[in-house]
Structure formats: C-alpha cells, structure tokens
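Comments concern the structure below.
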Amino acid sequence: MSSYNNNSVRLNAATKVAVFGGTHGNEMSGVTLVNLWMKNSDEIQRKGLETKPFITNPKAVEKCTRYVDTDLNRAFTAENLSALGGKDLPYEVWRAQEINKMFGPKGSPDAYDVIFDLHNTTSKDYFNLQMMNYVKVRRHPQLRLEVGPQPQGVLRSNIFDSMRMIIKHALDFIELFNEGVEFPPCTVEVFRVLERVDYPRDANGNIIAMVHPNLQDCDWEPLNPGDPMFQTFDGKTIHYQGPGTVYPTFINEAAYYEKQQAFVTTKRETLVASAVKKS
C-alpha cells in the first residue's frame, strides 16, 4: 500500500466530457480537430467515458472571425445566463445560454464533469493539477491553456498535433482515474496573472509605442526592472519599472488590441497537488 494512500483526495468518477472548438471562430486548431471528431469520435472515446465534441460558436466559425457580437469566452456570467430575450440577445449571449442548457446547467448535478475548450494564441506560447502533471510527464512539457503561436484564421500542423496530443493524454488520465489508479502527490509549476499592461497612448487614446524588440516573442521569460518594454515610434525605449521580476505572456496578442492589452504579467509559482483517487 502506498504511503500517501491515507491522505488521498477521493473524487467521483468523471463520466461525461466535452471537447469544445470554435469558441473563437478564427482559432483553427480547435475548430479543425472538433470537426474531425464530430465525423468520427473513436479517437477521443475511452472506456466508461462519454466524450462529446462540439462547435460552440458556429456563426463565428462560418465567418472565420473571433466572434459575431461579443466574446463568447466572456459570456458565461450569471447575468448573461439569466438574461431574457432569447434570440434577440447578442448572438454569443444567446449561444452561452444554449450551451449552458446542453452541458450544464452550470453547477448542477447534471453538468458535464470535464470540458476542454480549445484555443490558439498568436503570441509565443488549469487542468486539474494532477491531470496537468500527467500530461507533462508524457513528453508534452509545453502544456498551456492556449496553444501557439499561430496566426488567426491559419492552421499550422505542429500546433494542430500538439493540441491533439494534449487531449489524448488528458483523456487517458481520466480513463486511468476512473479505473481506480491512484496518482501520487506532485508539484506543478504555474504562472499566476498579476497585471494586464496596455500600450502607451496619447491623450486621445491612440497607441504611441510598440512592444520592444527585446521583449517580442519572449513569453514566459523573465522581465526585470529596467529591461526594455516598449519602443516609441521615434525610437525611444520605455523600460519596465515594476518592483521585481515578472514573466510576461500574450505579448502583442492580436486578439487583445481591442481589449487595450499589450501583454499580461505573471509570477511563477509551484503548486502542490495532493494524491487523488476515485472514491
């Protein structure tokens, strides 16, 4: 008997899993994979597990655009899910309500146990911590919530393959957990969001500087006080003036210009996950 057995967290089996693609209609890896699995889902089925592939935002997928009326990824709020108006609502708010009915309701006993929502990012690139650890030790050390870099509306084979492998290993983890395999305690390195940083702007709100060449494509790498951060259009450097080292990500992400975000700063942490076993 394992020494960690008595301290294991006991959880119910996960029997219903959904794989979402097309939440943002121009993020092509998830769209393509889900369309592939909707035609033949054998690859994502596991013993004792119902796995449903699903295109979440079909109108945005059809137009190959991020969204139609509003960002579906921000639409699953209590206010939106209870809003009246049906199809007169903004399309993605109505769609969020429909998805919540199909795969929820959110927080109810009938809700799906696990949902994988597949995204791409143009920048250089939480499962349950145990699942994250399982995927990483199976030769996929670059696990992130979003897989990139990949331009919007474009399909890259290496990003497609990486996303496909992540889902394979994640489903393998769930199958093993359901079969009674006990996963020992583990540690997982994560990056916790600190601050969203906008581009420098003039009094009229116009951008007056770009991400500095020394920072561009350096997602997840340390940014230290005094390091170059932005470069103005006349060539002047704006330096990072924060109190300590941070790890920026989503640097110069195309989808976040509308959100007035140049990048996000994070801090690196190590989280500890208890042993887990099916109850």
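Quick notes
- Sorting the segments 247-253, 171-177, 9-15 by their residues' average number of neighbouring beta-carbon atoms within 10 angstrom, most packed first, yields 247-253, 171-177, 9-15.
- Long-range amide H partners of Ile208 with built H, under 5 Å: Arg201, Asp202
- Phi-based couplings in Hz for the stretch 107-118 (Karplus 6.51, -1.76, 1.60; Gly and Pro marked x): x, 8, x, 7, 5, 4, 6, 9, 10, 9, 10, 8
- Dipole magnitude (debye, nearest 20) for the stretch 185-240, charges at Cβ of Lys, Arg, Asp, Glu: 160
- Across the stretch 179-279, the relative contact order, built from alpha-carbon pairs under 8 Å that are at least six residues apart, equals 41 percent.
- Options Tyr112, Phe177, Thr23, ranked by Cα towards positive dipole end of the chain, top entry (Cβ charges): Phe177
- Set the Cα radius of gyration of the chain against 2.2 N^0.38 Å, with N its number of residues, and you get 1.11.
- With the highest mean first, a sort of the peptides 210-220, 151-161 on other beta-carbon atoms found within 10 angstrom per residue produces 210-220, 151-161.
- Charge dipole (Cα centre; +1 on Lys/Arg Cβ, -1 on Asp/Glu Cβ; no other charges) of the chain amounts to roughly 600 debye.
- Considering only Tyr67, Ala83, Leu49, and ranking their Cα positions along the charge dipole of the stretch 1-89 that arises from unit charges at the beta-carbon of Lys, Arg, Asp and Glu, the one farthest toward the positive end is Leu49.
- Partners of Lys63 within straight-line reach, counting lysines whose Cα lies under 24 Å from its Cα and excluding those fewer than 8 residues away in the same chain: Lys39, Lys52, Lys87, Lys259.
- Amide H partners (placed H, <5 Å) of Ala275, local residues excluded: Val9
- Net +/- balance of residues flanking Leu49 in space, Cβ distance below 15 Å, scoring K and R +1, D and E -1: -1
- Straight-line reach from Lys47: taking Cα to Cα under 17 Å and skipping same-chain neighbours fewer than 8 places apart, the lysines in range are Lys16, Lys168, Lys278.
- The stretch 203-279, accessible surface, carbon-and-sulfur percent (1.4 angstrom probe): 49
- Surrounding net charge for Asp69, when Lys and Arg each add one and Asp and Glu each subtract one, Cβ distance under 13 Å: +3
- Rounded to whole numbers, the Karplus 3J(HN,Hα) couplings from phi for the stretch 9-15 are 7, 9, 10, 5, 4, 9, 10 Hz, using 6.51 cos²θ - 1.76 cosθ + 1.60 with θ = phi - 60°, and x at Gly and Pro.
- Estimated distance in nm for a label pair at Lys106 and Glu43, the labels positioned 7 Å out from Cα along Cα-to-Cβ: 3.1
- Calculated from backbone phi, Karplus (6.51, -1.76, 1.60) coupling profile of the stretch 195-204 in Hz, x at Gly/Pro: 8, 9, 10, 8, 6, x, 9, 8, 5, 8
- Inter-probe distance in nm under a simple model that places probes 7 Å from Cα toward Cβ, at Ile208 and Lys168: 5.2
The values are calculated or read from the model by the stated rules, or taken from the named source; none is laboratory data. Predicted model only: the values in this text are computed from it and were never measured. With ideal geometry, Cβ positions are generated from the backbone for all residues, glycine too; neighbour counts draw on all protein chains shown. What goes into the accessible areas is simple: the full protein's heavy atoms, side chains included, and nothing from ligands, DNA or RNA. Shrake-Rupley method; radii C 1.70, N 1.55, O 1.52, S 1.80 Å.
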